[in-house]
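The values are calculated or read from the model by the stated rules, or taken from the named source; none is laboratory data. Here the structure is a predicted model, which is why all the values come from computation and not from measurement. Neighbour counts run over all protein chains shown; Cβ positions are idealised from the backbone, glycine included. All accessible areas refer to the heavy atoms of the entire protein, side chains included, with ligands and DNA or RNA removed. Shrake-Rupley method; radii C 1.70, N 1.55, O 1.52, S 1.80 Å.
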Amino acid sequence: MKKYSYVGISFIILIFGIIFIPKIVNRVKGTSIVKNDRMSASNPITNEKLAFIKLNGEPKKVPDFAFLNQDSILITNHDYKGKVYLVEFFFTSCPTICPKMNRNLVYLQNELKDHENFGIASFTINPKFDTPGRLKKYAENYKVTDPEWHFLTGDREDIYELANAGFNIYAAENPEVPGGFEHNGYFALIDQEGYVRSRYDSSGNPIIYYRGTIGVEEKVDENGEEEQITILLQDIKKLLEKDE
């Protein structure tokens with residue numbers, strides 16, 4: 001009886017393999033499993049779509065803000081509605097990374113001069129010193145021509161709240177560092193609806209912000225970090241294509 005039982009079981013397994021295994025293989029190749037793998041891998045590798053940066057499961061949107069620009073005009077986040085724009089935090093007397101950051105922004109401004117729906121918001125982290133007049137001279141020195149590039153100043157606490165809590169881009173006063181202030185050299189990319197966007201890295205995670213301190217010609221810095229201005233330009237254009 002045992003011998004017949006084993007034969008019967010073997011026969012059932014054989015039939016299962018003949019009938020069902022090909023179907024399972026076809027399903028894996030042609031439907032949801034492969035499709036899901038393709039979706040999770042294509043964005044990080046080809047960056048066909050940009051990530052929404054999420055906080056507590058919700059896409060992160062730029063907080064409300066209202067500051068004076070270099071022409072003493074009140075600019076709010078609503079003025080950027082319908083535009084793709086970049087956000088940076090800097091200060092005009094910065095002796096280290098800010099000049100690099102703003103040279104890179106000028107490069108992007110010039111590359112995107114034909115796109116009227118592109119803008120930049122540069123928030124000073126030294127508003128006591130950086131008055132609208134000083135910001136205007138700074139913009140002129142850097143040959144800023146984009147009418148949607150606003151250098152913004154205002155209440156110190158509001159600016160630091162926007163940087164550290166609103167964007168999670170570190171900014172602080174520190175008398176021990178050159179210039180008396182320290183901050184991250186990142187650019188945030190904002191879409192037409194005010195959402196923070198970015199491309200994915202090779203592991204499938206959003207890079208969140210783009211390095212703003214390394215130029216296109218420089219390629220890499222002394223720490224081996226690669227420039228991200230080239231990919232940032234590509235991603236800005238992807239968002240702008242929605243309007244064209």
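All but one of (1) surrounded by fewer than 21 Cβ atoms within 10 Å (Cβ to Cβ); (2) in contact (Cβ under 8 Å) with a residue 60 or more places away in the chain; (3) closer than 18 Å to Cys98 by Cα; (4) β-branched (Val, Ile, Thr) hold for Thr213; which doesn't?
(1)
Take the residues in segment 216-244 that are open to solvent by 30 Å² or more (accessible area, probe 1.4 Å) and β-branched (Val, Ile, Thr); name whichever of them is nearest to Asn104 (Cα to Cα).
Looking at the filtered set, the residue picked out is Val216.
Can you tell which of Asn164, Asn174, Asn117, Asn184 is without any contact (Cβ under 8 Å) to a residue 12 or more places away in the chain and under 23 Å from Pro59 (Cβ atoms)?
Values: Asn174 fails: under 23 Å from Pro59 (Cβ atoms); Asn117 fails: without any contact (Cβ under 8 Å) to a residue 12 or more places away in the chain; Asn184 fails: without any contact (Cβ under 8 Å) to a residue 12 or more places away in the chain.
Criteria check complete, one pass: Asn164.
Take the residues in segment 177-192 that are within 14 Å of the chain's Cα centre (by Cα) and farther than 18 Å from Ile159 by Cβ; name whichever of them is surrounded by the fewest Cβ atoms within 10 Å (Cβ to Cβ). First the steps, then the outcome.
First, pick out the residues of segment 177-192 that are within 14 Å of the chain's Cα centre (by Cα): 184-192.
After this cut, where a residue has to be farther than 18 Å from Ile159 by Cβ as well, the list is 189, 191-192.
On the way: Leu189: 24, Asp191: 22, Gln192: 16.
This residue is Gln192.
Does Leu55 satisfy the condition of being loosely packed, with under 12 Cβ neighbours inside 10 Å and at pLDDT below 95?
For Leu55, the condition - loosely packed, with under 12 Cβ neighbours inside 10 Å and at pLDDT below 95 - is met.
Quick check on Val196: is it under 19 Å from the mean Cα position of the chain (by Cα), at negative phi and assigned to a loop (DSSP other than H, G, I, E, B)?
no
Tally the residues that are out of contact with any helix residue (DSSP H, G or I) (no Cβ under 8 Å at 6 or more places or on another chain) and farther than 15 Å from Ile73 by Cβ, restricting the search to segment 139-153.
Adding up the residues that qualify gives 2.
Determine if segment 100-113 includes at least one residue that is open to solvent by 40 Å² or more (accessible area, probe 1.4 Å) and part of a loop (DSSP other than H, G, I, E, B). Show your work before the answer.
Pass one, segment 100-113, residues open to solvent by 40 Å² or more (accessible area, probe 1.4 Å): 100, 103, 107, 110-111, 113.
In the following step, the residues that additionally are part of a loop (DSSP other than H, G, I, E, B) were identified as 113.
Within segment 100-113, one or more residues are open to solvent by 40 Å² or more (accessible area, probe 1.4 Å) and part of a loop (DSSP other than H, G, I, E, B).
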